[in-house]
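Colleague: Pasting a structure below so you can have a look.
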Amino acid sequence: MDKKQSDLMMIFPDEIVNLLRTASHVTALTGAGISQESGLRTFRDAQSGLWAQYRPEDLATPQAFLRDPKLVWSWYAMRRDLAKTVDPNPGHYALAEMARRIPDFVLITQNVDGLHRRAGSPDVIELHGNLQRVKCFDCGRQAQDWDEAGEAIPLCQSCGGLLRPDVVWFGEQLPQDALEMAIEAARRCQVFFSIGTSGLVQPAASLAYAAKNRGGIVIEINAEPTPLTANCNYAFHGKAGEILPDLLREIWG
């Protein structure tokens, strides 16, 4: 079913509507697509102006930070500022509303922009970290405050090490506790949503299959088909910011 074919409210299969009305365990995974609908440029799209001369991979590794920490810090400061200029969209708010209505609703995101939290979603599992947090490169302790405006990179108040963005860089492992919680949520859910994600980035891409292997209904909402589409129970192609609010109105009025 293709949302782009019509501006009318989407009609959903009875199985989805009835299942979500009574479901107690639902898990959703979101990717960059849902934030693009807020006008936020993706990781690679942000390579413009001054930053066009750099490959993203050269700005998002521990080695890059050790080589030129000021460059990397400035890049992420720019991205933090960009994230603050956009607002959550109806897709973000629809997921927050699901969390209020479904007893065990788990939201997992690959995004680092913090828009889900700003929309009111509680206890978001942020697989790749959060742009609005920083931590020490050496000891790993999160910093509660830091001087964003200074010329020098701020230092850790505990050990004196350089502060860095609290995001997962290329070559780094996902936070183990977050990954374990995400896998467990996928395995126990009755319904699994894959929203605005390419289905290519591992290990997040495996979560939908973990859900389906345990009997979960997998629903994809994405602008275009993905490698996951053929393995979904249902796939809706269009904007999450339109499809999710339609779904909530169909379920709860």
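Only the coordinates and a few stated rules stand behind these numbers; no lab work does. Quick caveat, the model's predicted, so the values are computed rather than measured. Here the Cβ positions follow ideal geometry from the backbone for every residue, glycine too, while neighbour counts run over all protein chains shown.
Colleague: Thinking of segment 162-232 as a set of Cα atoms, what percent of all their pairs are more than 18 Å apart?
Modeller: Roughly 44 percent, once rounded to a whole number.
Colleague: Would you please state the base-10 log of I(q)/I(0) at q = 0.28 1/Å for segment 69-110, with intensities from the Debye formula using one equal scatterer on every alpha carbon?
Modeller: Once normalised to I(0) and log-transformed, intensities are -0.95.
Colleague: Quick one: Asp246, Asp14, Asp58, fewest Cβ neighbours within 10 Å first, how do they rank?
Modeller: So the residues, fewest neighbours to most, are Asp14, Asp58, Asp246.
Colleague: For a footprinting-style exposure proxy, rank Met10, Met98 by other Cβ within 10 Å, fewest first.
Modeller: Neighbour counts put them in this order, fewest first: Met10, Met98.
Colleague: In nm, to one decimal, how far is the modelled label at Trp146 from the one at Arg133, with both set 7 Å along Cα→Cβ?
Modeller: Placing both labels 7 Å beyond Cα along the Cβ direction yields 1.3 nm.
Colleague: May I pose another question? Tally the DSSP beta bridges in segment 134-243 and give the antiparallel ones as a percent, rounded to 5.
Modeller: 40
Colleague: If you rank Glu250, Glu57, Glu220 by fewest surrounding Cβ atoms within 10 Å, what's the result?
Modeller: By the 10 Å Cβ count, ascending: Glu57, Glu250, Glu220.
Colleague: List the extent of the Cα atoms of the chain along each of their three principal axes, largest first, rounded to whole Å.
Modeller: Principal axes ranked by extent give 58, 35, 30 Å for the Cα atoms.
Colleague: Do you know the relative contact order of segment 122-220, to the nearest whole percent, from alpha carbon pairs under 8 angstrom that are 6+ apart?
Modeller: Once divided by the residue count of segment 122-220, the mean separation gives 24 percent.
Colleague: For the peptides 131-139, 169-177, 64-72, what is the packing order when you average, over each peptide's residues, the other Cβ atoms within 10 Å and list the highest mean first?
Modeller: 131-139, 64-72, 169-177
Colleague: Continuing with the same structure: What nm value, rounded to one decimal, do you get for the distance between Lys70 and Met181 when each label is placed 7 Å out toward the C-beta?
Modeller: Reported label-point gap for Lys70 and Met181 is 3.8 nm.
Colleague: What is the Cα centroid distance between segment 166-192 and segment 216-253, reported in whole angstrom?
Modeller: 21
Colleague: Would you mind getting me the FRET efficiency between Cys159 and Tyr54? Use the beta-carbon distance for r and R0 = 25 Å, nearest 0.05.
Modeller: FRET efficiency, Cys159 to Tyr54: 0.30.
Colleague: Moving on. Could you grab the relative contact order for the chain? Cα pairs under 8 Å, six or more apart, rounded to a whole percent.
Modeller: In percent, rounded to a whole number, it is 26.
Colleague: With a cut-off of 8 Å between alpha carbons and a minimum separation of six or more residues, what is the relative contact order of segment 164-230 in percent?
Modeller: Once normalised by length, the contact order is 34 percent.
Colleague: Turning to a different aspect of this structure: In whole angstrom, how long is each semi-axis of the equivalent ellipsoid of segment 196-253, when you take the square root of 5 times every eigenvalue of its Cα gyration tensor and sort them from largest down?
Modeller: 21, 14, 9
Colleague: In deg cm²/dmol and to the nearest 500, what is the mean residue ellipticity at 222 nm of the chain if only DSSP H runs of at least 4 residues count, each as -39500 (n - 2.57), divided by the residue total?
Modeller: Only helices count here, giving -9500 deg cm²/dmol.
Colleague: Helices from the chain with mean Kyte-Doolittle at least 0.0 and a Cα length along the axis of 15 Å or more, per DSSP H: which?
Modeller: Span-like helices in the chain: 240-252.
Colleague: Here's a follow-up. Please check which bits of segment 188-207 a label hung off Asn233 would reach, taking the label as a point 7 Å along Cα-to-C-beta and the cut-off as backbone N under 17 Å.
Modeller: 188-195, 207
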